[in-house]
Structures are given as C-alpha cells and as structure tokens.
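The values are calculated or read from the model by the stated rules, or taken from the named source; none is laboratory data. Model, not experiment: these values are computed from the prediction. All Cβ positions, glycine included, derive from the backbone under ideal geometry; neighbour counts span all protein chains shown.
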Amino acid sequence: MSQSDLAEIIRERLAPFPRDHFLSAGDLNAATVPPLLDLADAFVDFNRQRAKALDLMRGRTVVNLFFENSTRTSASFEIAARRLGADVTALSPRTSSVAKGETLIDTAATLNAMKPDVLVVRHGASGAAALLSQKVGCAVVNAGDGRHEHPTQALLDLLSLRRAFGDVGGLTVAICGDIAHSRVARSNVALLSMMGARVRLIGPPTLVPGDADRWGCEVFHDMREGLQGVDVVMMLRLQLERMEGALVPSTREFFRFWGLDREKLTWAKPGAKVMHPGPMNRGVEIDSDVADDLSVSLIQDQVEMGVAARMAVLAALSTRREGAAA
Amino acid sequence: MSAPDTTALAILNARLLDPATDYDGPGAVLVSDGRIVEVVHGAGAAAPDGVEVVDAGGLCLSPGLIDIRVKTGEPGAEPKETLKSAALSAAAGGVTTIVVQPDTDPAIDDPAMVDFIQRRGAALGLVHVRVAGAATRALDGHRMAEIGLMDEAGALYFTDGDKVIANSRTLQRVMSYAAAFNALIACRPADPWLSEGAVATSGELATRLGLAGAPAIAERIQLERDLALVEQTGARFLVDQISTGDALETLARARARGLEVAASVSVNHLCFNEIDIGDYRTFYRLDPPLRAESDRQALVEAVRDGLIDVITSAHAPAPAEDKRRPFAEAAPGAVGLETLLPAALTLHHAEGLDLLDVLRPLTEGPASLLGLDAGRLAAGAPADLVLFDAGAPVVIEADALCSKSKNSPFDGRRLQGKVRLTVVGGRIVHDGR
C-alpha cells in the first residue's frame, strides 16, 4: 500500500478521544477501545514504511514531563509525537527546579503558561496525573503515576494481543509477579477485563494485594496452578526500587518460585505467549531463554506497538481538542 | 484567662441543653462577673433590672464546646494558623475552650512554653486557650518531658500528638511517672510499622488507587499494648482519635474488665468514610485515615452508647500549597473548629442521636476528663455558653472560614446547625444573630 493510501486510512479512522485526558484505563470503555486499536493498527503499518512523517499534529507542542527516570516510555512518546508532526520538549524535573522545592502544581502552572497542547506525565505519586489534569488547560496523558495506572502500556499490550490472537475476548491472561507495586497490572486488569479477557494474578502473598480478588480476578500464589491453561503469561518487573522492607527474601528465591523459565512456561496452554512491559530483570522474573525466543515472546512486538498505540492516543486527543476549539 | 467582664447578662427564653444534668427543656441563664449565677428551668423567667438581655427565641443554649485537640502553627508555622486565627475560628464555631497540641516548633515540652501559650491565648480575649504538653522532649519518643512542671504550669494533659511513642519502655516510664501527678496521658493507637508510610486505609479502594494503606489492625495492636501498660502502671489514659471498629471492641473489653480509660474520636471520622477520598481528594487525607463505612457506623454507635467520651474537631490547619499535591505527598489533616458543631449535629439529624448525647462528648465529657469547671450549665460554673439553632441549614464555604488555612473536607457540604452567639466568661465573643 502506498504512503498516501495509508495516510488516507489513518485520516478515516481518526476520531476524537472519548475524554479530555487519558489518565486511566477507565477513561475508555468496550465501545471506544476497538476504534482506537483500529487507528493504532494503521499506525503500525505506517511505521513500517521508510518515510514516517505525518502532519496530524503539525504546529502542536507535546511536553514530556518525567519526574521518574524513564528511557523507553519517554522515547516511545517522543517518537510517536514527532511522527505525527508535533514539536516535542522533554523535561525531567528530577534534575531541575523540583529539586529546589518547586511543587508539582507550580511546575504545572509554569508549563501551562507556555501553552503546550499535550502534557505526557510520569510521576512517583499515585494520582499525580489526575491532579495535573485539573490544573492545566491542555490534554494530559498519564505515562505512569506511582503504583496507580499506566494506561498507554495497557493499550499497547491489548494491541499486541489483538494482533497475535485476533480477539482478546475469552483469552485467559496471567499477570505474574509484583502486582502490589505495579501500575501496569492495575491498568491491564481494568482494560483486559473490559474487553472480555479472564485475568489471573499470580505472585507471592506479599506482592499480591489482599483485595485483588475483588478486582474480578482469580488470585494464585502457585505458578503451576495459576498458569494452568492460560493463553498469555504477562510477567511484571520486580520493582526492586519500590520494595519497602522484606517482601521477598531474595531475588534467587523469587526466580525459583515465580520467575518464568522454560519449565514453568510448559504449565501454560501450548502455544501460550509471553509478555513483559520492560525493562526486564533477566534471571529475576524472566529467563533470557524465554524472553528472547521470538516464537513465544511478544516482548519486542510490545515495544513496536507502544509507538503506534501512543500515536493513536496523541492523535485522538489532539483531534478532540481541535473539535472543541472549532 | 481574660479579665472577667463585670457586665451582667441574661439569656432568656432558651431551650437549655445541659448534658451534665441531662436537662433538655425551656429555661434561662443569668450571668454575672464571668460566671453563671443562676440557671432557671422552665419558661417565663424575667431578667433583673439593668442587665443586658438576650432573647434566645427558643434556640438551643448549651455549655460552650471544649475542643481538646487543636493544632495551630504558633509558634513556628504562623502562615498555617496563629493562636488568634484559631481562637477566632473557635469563637465562630461555638467552641469556648481549645486545648492546643504540643507539636509546634519548638514543641511545647517545658513549663515556659506552656506559660507562653497560655499568656498569648489569654491576651487575645477570645476563648480559653489551654495546652497539652509533650510527653517526651521535642516529641522524640525517648526522653521524658517535664510532666510535673508542665502540670503545675497548667498543662491539661500530655501527649506526643500524631507521633506514636513506639518504644514501649519509654511509654511505660511516662505512664508510671505521670501517675504520680495524676496526670492524663493521651496516645494515638497506631502500630508505627504497620502504618508506616500509609496515607489511606488498607482495602480495595486504597489498592485500586495505588495508595499505601494502613490496616485497621494496626490500631488495635497498638491499643492492646497501650491498655496493657495502663493496667500495669495505673496511669490516667486517653485513647486519642480512635477510628476503627476493631479498636472499639478492644476498648469495650477493657472497660468491661473495669479499666478506666477515656477515648476520643474526631468528628471527621463520624461524618466521612474512605470512599470520600474518591478521586484523590487531598482534603480527605487525614491521620488516622478515613476508614470503612462499617467503622464509621461503629464509631457513631460508640458515641451513642457512651463508649466514647470526647468528640474533637482534630483541627489541623494545612495551607493550600501543602494540600494541593499528589495525595501521598499532601499534608494530612483538616481544619474543623468552625464546623465542629454542625458536623457533630449530623449525629442528631442523620443518625438519630439525642441532642444531649451529641453535646455530652463536646462539653461535659472533656470537662470531666480534664478537670475543668466549665462544660455545664450550673451556678458557679464559668459563663462559657453557646446559643445555636440546631436545625438551621448551612452550606459550608471553606473560603469564608476564619482559620488561616481553608482545608475543610466539609467545603460545599450542606449541614444543619448555626452558632448564633458564643459567650466566654460572660462576654459575647461571637455574634451570629
């Protein structure tokens, strides 16, 4: 397909985002997800061409505001925005005025006065993105707030699954490892359940919230039991930097019981796929042997889908704002 | 205390509410020289000649409220709250005595500081400003503060405020030492490790919001320890800010065994539950955190049954810049002096408690606990009175509060109960007629 045909398909599929901001998976619903994924699908094809420049966001400014260290997510958003023709400014206030005592609200007000169109924010405190969205005039995309949500990650995971399986409804997905500290888990539970997948949570009792069964998930503490018959094994990063106190005795013990290796993978349904939001702790929650096996691992796909999914979100948010302005 | 105003005052045609004598009926109160000289039960009392007369028009007249847990920012954090702004808030809220908390900067941990606060408070000529002294020096949880000297200087009780004395040996020593002065010790029951870093109650909501939660048992565990130490040392003890049904059961068991301990609850925990934090509303970030609805109901029942002796406002001013932060980084606490009465009256209007049962833990309860002669409508008692319209609808507007900080969780809420007149030592310090 020629580039102009692809651009035409993208324009046809481009619809306003259903909300002013994308703060949590709950901003989407079973009706608004499929068109967004269709749009992302078109971006996947587009991104595979040699020339990847669009003008859907020409003249728009996207500010990446990352209070926590991040390479992949901030790069993914930056590339997504640039491919849409937007101007991108990346800030990591960890090293700037926040260290001098400026509050999140002050930073928001300062940035807001510079009139960006989209603010992509990552912050260590749950609810920080929601707070920012109340104080700025532009669209806010939550790129991870504390242990609350990381909705674009869930969207890209869903895109990867839809492309691998065709339909997500009816799939059984096991999310494994450090659920308690994981914003990826929270967004994925919400989005996967919304789209009709069955979700299981597997991990040691210290890393699975006691109330997780009330999320509508089945909870397992034993990998063999929990992986029985699952279509997808989604491993989470063991959030070593978030661990307060003795949650697991050692990384080697964690790997022995909850780390995904070839043997444990045989407990899942034959042909089961493996996912990981990255960055991986190889040999802690996942064995390289499994992670790098392209016949089972969707991990590289996830990274590719990340750019496309974020392009879809940014383009849709931008379209909504233009609609509102007109 | 402020110099008594010699002007005599007669409040006639009121509905007297006196929890100390269980009297709820028509009557009048005559005041002279800062004290109540006569309480007339029944309608139709006339004022003596030459006396300022207030016709209550059938509104409620009760002893002024006594709030034993008030934080100010003086000294050390005056932009939050000064003694003056707190006292103005209190007067506007019908609170005639406030007991300020020792966690100022520097802490109120020696007799000179106790004296300083009392003098500053008295000079304002508004409400009675009394002091809770620190139990340990600089609230460090290790070195005992000068409990005897502070007691002599007028401190009403001793506490490390929001800080928990984690070291059981320290608390044991504080309790047994304080027993020698018959001094009251107050402790927040919160296991410091289980509640470390917590900003909400453990449970489905906190988990979903990604907030670190303190489990309800953290309160019970610490309370069991505190009560065991009380039993051993014979100290007079106040369970400060009880917030869970679990801990109430522990308290009830101890009482049944004959252990005499008092307990307080903040009015916020009687009015709100964890759901109110909703979408990270930091004005509902409190310490202890808001609990489950079942806990709130258990607290209401405990007030009804008399298991809880004292209701406080847990007044904790925090300026906007400390509240307008991500939930976990926001300062905990809420201002409450001005909203204490209408908030407490929800127990009457919504939960069906008798007015006297609502007012008792706001007047006679704390007065008896702290050995004050206020808190009752009786001849000879200080003329600290509040005249209020128990049914009047009010919409709370945080911006209109007298407190320097506007962090009220009641902002925008519709409550019932309006203070018409606050009288302290026979002087009208707030006129909302």
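Kindly evaluate residue A:203 against the criterion of being within 14 Å of chain B (Cβ to nearest Cβ) and either surrounded by 20 or more Cβ atoms within 10 Å (Cβ to Cβ) or at pLDDT below 90 (or both). Outline the logic, then answer.
Values: within 14 Å of chain B (Cβ to nearest Cβ): yes; either surrounded by 20 or more Cβ atoms within 10 Å (Cβ to Cβ) or at pLDDT below 90 (or both): yes.
Yes.
As for region A:218-239, it holds at least one residue that is within 13 Å of chain B (Cβ to nearest Cβ) and without any contact (Cβ under 8 Å) to a residue 60 or more places away in the chain. The residues on offer are B:288, B:317, and the sole one that is more than 24 Å from residue B:262 (Cβ to Cβ) and either at pLDDT 95 or above or not basic (Lys, Arg) (or both) is B:317.
Residue check: residue B:377 meets all listed conditions (1) of a type in the set (A, V, I, L, M); (2) surrounded by fewer than 20 Cβ atoms within 10 Å (Cβ to Cβ); (3) away from chain A (no Cβ under 14 Å) but one, namely (2).
Only residues that are touching an Asp or Glu at 6+ places or on another chain (Cβ under 8 Å), of a type in the set (Gly, Ala, Ser) and either closer than 16 Å to residue B:188 by Cβ or surrounded by fewer than 19 Cβ atoms within 10 Å (Cβ to Cβ) (or both) were counted across region B:211-259, and they come to 4. Consider region A:119-152 and keep the residues that are within 11 Å of chain B (Cβ to nearest Cβ) and assigned to a loop (DSSP other than H, G, I, E, B). The one that is surrounded by the fewest Cβ atoms within 10 Å (Cβ to Cβ) is A:124.
Scanning region B:349-361 for any residue that is over 19 Å from residue B:270 (Cβ atoms) and surrounded by 23 or more Cβ atoms within 10 Å (Cβ to Cβ) turns up nothing. Could you tell me whether any residue of region B:280-294 is hydroxyl-bearing (Ser, Thr, Tyr) and part of a loop (DSSP other than H, G, I, E, B)? Yes, because at least one residue in region B:280-294 is hydroxyl-bearing (Ser, Thr, Tyr) and part of a loop (DSSP other than H, G, I, E, B).
So, residue B:201, is that one buried (at least 17 other Cβ atoms within 10 Å of the Cβ) and either more than 14 Å from chain A (Cβ to nearest Cβ) or touching a residue at least 12 places away in the same chain (Cβ under 8 Å) (or both) or not? Spelling it out, residue B:201 is indeed buried (at least 17 other Cβ atoms within 10 Å of the Cβ) and either more than 14 Å from chain A (Cβ to nearest Cβ) or touching a residue at least 12 places away in the same chain (Cβ under 8 Å) (or both). Restrict the check to region A:206-228 and report whether at least one residue is of a type in the set (Lys, Arg), under 17 Å from residue B:210 (Cα atoms) and in contact with a helix residue (DSSP H, G or I) (Cβ under 7 Å, 6 or more places away or on another chain). Yes, region A:206-228 contains at least one residue that is of a type in the set (Lys, Arg), under 17 Å from residue B:210 (Cα atoms) and in contact with a helix residue (DSSP H, G or I) (Cβ under 7 Å, 6 or more places away or on another chain). The number of residues in region A:213-245 being surrounded by 15 or more Cβ atoms within 10 Å (Cβ to Cβ) and modelled with pLDDT under 80 comes to 3. Can you say whether residue B:54 is outside any loop (DSSP other than H, G, I, E, B), β-branched (Val, Ile, Thr), surrounded by fewer than 24 Cβ atoms within 10 Å (Cβ to Cβ) and in contact with a strand residue (DSSP E or B) (Cβ under 6 Å, 6 or more places away or on another chain), as far as the supplied structure shows? No, not satisfied. For region A:100-118, what are the residues that are more than 9 Å from chain B (Cβ to nearest Cβ) and either among the aliphatic types (A, V, I, L, M) or part of a strand (DSSP E or B) (or both)? Selection gives A:108, A:109, A:111, A:113, A:114, A:118. From the list A:174, A:164, the lone residue that is of a type outside the set (Val, Ile, Thr) and in a strand (DSSP E or B) is A:174. Here B:106, B:102 are screened, and the one residue that is closer than 18 Å to residue B:155 by Cβ, under 17 Å from the mean Cα position of the chain (by Cα), assigned to a loop (DSSP other than H, G, I, E, B) and touching a residue at least 12 places away in the same chain (Cβ under 8 Å) is B:102. In region B:263-279, of all residues being surrounded by fewer than 15 Cβ atoms within 10 Å (Cβ to Cβ) and not in a helix (DSSP H, G or I), the one that is farthest from the chain's Cα centre (by Cα) corresponds to B:279. A single member of B:298, B:206, B:247 is on the phi < 0 side of the Ramachandran plot, part of a helix (DSSP H, G or I) and out of contact with any Gly (no Cβ under 7 Å at 6 or more places or on another chain), and it is B:247.
Looking at B:188, B:208 in this structure, which one is within 14 Å of another protein chain (Cβ to nearest Cβ) and crowded, with 19+ Cβ neighbours inside 10 Å?
Working: B:188 fails: within 14 Å of another protein chain (Cβ to nearest Cβ).
Of B:188, B:208, the one residue that is within 14 Å of another protein chain (Cβ to nearest Cβ) and crowded, with 19+ Cβ neighbours inside 10 Å is B:208.
Answer yes or no: is there a residue in region B:214-232 that is within 14 Å of chain A (Cβ to nearest Cβ), assigned to a strand (DSSP E or B) and under 25 Å from the mean Cα position of the chain (by Cα). For region B:214-232, residues within 14 Å of chain A (Cβ to nearest Cβ), assigned to a strand (DSSP E or B) and under 25 Å from the mean Cα position of the chain (by Cα): present.
Do we find that residue B:168 is at pLDDT below 95 and among the polar types (S, T, N, Q) in this structure? Give the steps one after another, and end with the answer.
Values: at pLDDT below 95: no; among the polar types (S, T, N, Q): yes.
In short, no.
Within region B:112-166, the set of residues being part of a helix (DSSP H, G or I) and among the basic types (Lys, Arg) comprises B:119, B:120, B:137.
Candidates A:146, A:127, A:169: the one that is closer than 19 Å to residue A:20 by Cβ, touching a Gly at 6+ places or on another chain (Cβ under 9 Å) and without any contact (Cβ under 8 Å) to a residue 40 or more places away in the chain is A:127. I'd like to check something: does region A:181-189 contain any residue that is of a type outside the set (Ser, Thr, Tyr), farther than 22 Å from residue A:76 by Cα and crowded, with 20+ Cβ neighbours inside 10 Å? Yes, there is a match, as at least one residue in region A:181-189 is of a type outside the set (Ser, Thr, Tyr), farther than 22 Å from residue A:76 by Cα and crowded, with 20+ Cβ neighbours inside 10 Å.
Exactly one residue out of B:423, B:394 is under 22 Å from the mean Cα position of the chain (by Cα), buried (at least 23 other Cβ atoms within 10 Å of the Cβ), in contact (Cβ under 8 Å) with a residue 40 or more places away in the chain and assigned to a strand (DSSP E or B), and it is B:423. The condition (being more than 14 Å from chain A (Cβ to nearest Cβ) and over 21 Å from the mean Cα position of the chain (by Cα)) is satisfied by just one residue among B:329, B:293, B:321, B:260: B:293. Taking first residues from region B:18-39 that are outside any strand (DSSP E or B) and partners that are surrounded by fewer than 20 Cβ atoms within 10 Å (Cβ to Cβ) and of a type in the set (A, V, I, L, M, F, W, C), the Cβ contacts under 6 Å between residues at least 6 apart in sequence or on separate chains come to B:19/B:356.
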